[in-house]
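To start, the structure itself, in C-alpha cells.
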Amino acid sequence: MKEFNVAVVGATGLVGRKILEILDERNFPIKNLRALASEKSAGNKIKFRGEDITVEKLDENSFSNKDIDLALFSAGGAVSEKYIPIAIKNGVKCVDNSSFFRMHNDVILVVPEINKDKITKDTMLIANPNCSTIQSVLALKPIFDNFNIKRIVYNTYQAVSGGGERALEDLYNKTNYKWKYKIFNNVLPQIDDFTENGYTKEEMKMINETRKILGDDSLKITATTARVPVENSHAISINIEIDKDFDLDYIKKILENQEGVKVVDDIENELYPLPTEATGYDDVFVGRIRRDYSLEYGLNLWCVADNIRKGAATNAVENAELLMEV
C-alpha cells in the first residue's frame, strides 16, 4: 500500500487531536506525519502511533520543499484562507474543516456517503461541511432521493464541544470566557455572528450547505441553531414537508438503508437517539420518526451525532482517504 506524507494543521486543538486519533484508528497509510500549529503550541510533543511528534510552527514556508502529499486543516477560517493556497501551490492536496472555502463555486463540499463522486484525480481541495449540516444531510438524503421536498425546518441543540476547548472549560467551570453568556445551566440561541437578515452565520451555513451538498439551490430551508449545556454530540429536530403521502415504515426502511445512518426508534421502550449514546461513534442516529399532522404531508425526525467525530474529524479523514485514492 502506498504511504503518504501527511500534515495536520491545528494538530493541538480539539478537532486536530481527534483527526490524529481517527487517522490512527483507520490505519491511514502515513509515511511521515507533521504536526503544525500556532507559535504558542510549537515545540510541544504529541503522541502518534507510539512516537513523539514535535509540533512545528505554521508559517509561509511550512509547505515549501517539504514533500507533503496531504494536509488536513482544522485551525479556523483565517488560517485556511492564508495557507491553503500556499499548500496547493506546492502540490499539496488539502481537506479543510473551516467554513472559508465551503461555498466557493470551484470547491467541492463533500459528505462521502452522499457525494463522493465529486472527487476526481484533479481535486486539490475538499471542504468539510459544517458539523450540523453533515448529520442533517445524511438523514435527509434518502428522503430527498425518494420524494420532492418542499420545505425543511432545522432546530438544533448543539453541544459545547463545537465551540472548542475554552467553551468546554466554561461549561465545567461555570464561566463565560468563550461567549457573552454562561453556557452552564443555560441555552444560547446564537451560534456564530448575526448576519444582516437576522440569522446567524451558523444558520446560514446549514441552509446554504444543505442546498450545495444535495445539489438543489431551490430547496426552501429555515434554521434556528442553539447551544445547549451538553458536553458532546449535537441533536437536531428536522421537520420536512414533502409533496405526496408516505408510509412511515417505508421512511424507516430507507433511513435504515442509508449508509452512515442508524435508526433508533422504539417509543414503546422509550428508545431514541441521545447525545450520551452517540458520543464516540461515527453513525448518525435517527429516531422520533413521525408524521407532522399540521401539514398535509409532513415528517419529523430527531437526529443525533458526535460533532467532533463524524461532524468534523471522521468526515475529514474519510475525505482524505478518497482524495488520495483517486
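Summary table
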read-out: Matching residues in the stretch 122-144 - criterion: being free of Cβ contacts under 8 Å to residues at least 24 places away in the same chain and either of a type in the set (A, V, I, L, M) or within 22 Å of Lys262 (Cα to Cα) (or both); value: none
read-out: Flag for Val153 being surrounded by fewer than 18 Cβ atoms within 10 Å (Cβ to Cβ) and aliphatic (A, V, I, L, M); value: yes
read-out: Val286 under 17 Å from Ser233 (Cα atoms), open to solvent by less than 40 Å² (accessible area, probe 1.4 Å) and out of contact with any Cys (no Cβ under 9 Å at 6 or more places or on another chain); value: no
read-out: All positions within the stretch 88-112 that are part of a helix (DSSP H, G or I) and open to solvent by less than 30 Å² (accessible area, probe 1.4 Å); value: Pro112
read-out: Per-region count, the stretch 11-62, residues without any contact (Cβ under 8 Å) to a residue 12 or more places away in the chain and over 22 Å from Ser161 (Cβ atoms); value: 7
read-out: Any hit, the stretch 200-220, residues being open to solvent by 50 Å² or more (accessible area, probe 1.4 Å), closer than 26 Å to Asn257 by Cβ and touching a Pro at 6+ places or on another chain (Cβ under 9 Å); value: yes
read-out: Condition met for Leu323 (more than 23 Å from Val160 (Cα to Cα) and not in a strand (DSSP E or B)); value: yes
read-out: Number of the condition not met by Leu171 [criteria: (1) of a type outside the set (D, E, K, R); (2) part of a helix (DSSP H, G or I); (3) within 17 Å of Asp283 (Cα to Cα)]; value: (3)
read-out: Of all residues in the stretch 232-255 being more than 20 Å from the chain's Cα centre (by Cα) and surrounded by 20 or more Cβ atoms within 10 Å (Cβ to Cβ), the one that is farthest from Gly287 (Cα to Cα); value: Ile242
read-out: Number of the condition not met by Glu60 [criteria: (1) over 23 Å from Phe4 (Cα atoms); (2) modelled with pLDDT under 95]; value: (1)
read-out: Those residues of the stretch 113-140 which are buried (at least 21 other Cβ atoms within 10 Å of the Cβ) and assigned to a helix (DSSP H, G or I), in sequence order; value: Ile114, Cys131, Ser132, Thr133, Ile134, Gln135, Ser136, Val137, Leu138, Ala139, Leu140
read-out: Hey, Thr225 open to solvent by 20 Å² or more (accessible area, probe 1.4 Å) and of a type in the set (Ser, Thr, Tyr) or not; value: no
read-out: Filter result for the condition that a residue is β-branched (Val, Ile, Thr), touching a His at 6+ places or on another chain (Cβ under 9 Å) and at pLDDT 95 or above, over Thr195, Thr210, Thr156; value: Thr156
read-out: Positions within the stretch 60-89 being among the polar types (S, T, N, Q), farther than 16 Å from Ile108 by Cα and in contact with a Ser or Thr (Cβ under 6 Å, 6 or more places away or on another chain), in sequence order; value: none
read-out: Cross-chain or 6+ apart pairs with Cβ under 8 Å, the stretch 262-275 first and over 11 Å from Leu301 (Cα atoms), then basic (Lys, Arg); value: Ile267/Arg288
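The values are calculated or read from the model by the stated rules, or taken from the named source; none is laboratory data. Fair warning: this is a prediction, and the values are worked out from it, not measured in the lab. Positions of Cβ are generated from backbone atoms using ideal geometry, with glycine treated the same way; all protein chains shown enter the neighbour counts. The accessibility values were calculated without ligands, DNA or RNA, using every heavy atom of the protein model including side chains. Shrake-Rupley method; radii C 1.70, N 1.55, O 1.52, S 1.80 Å.
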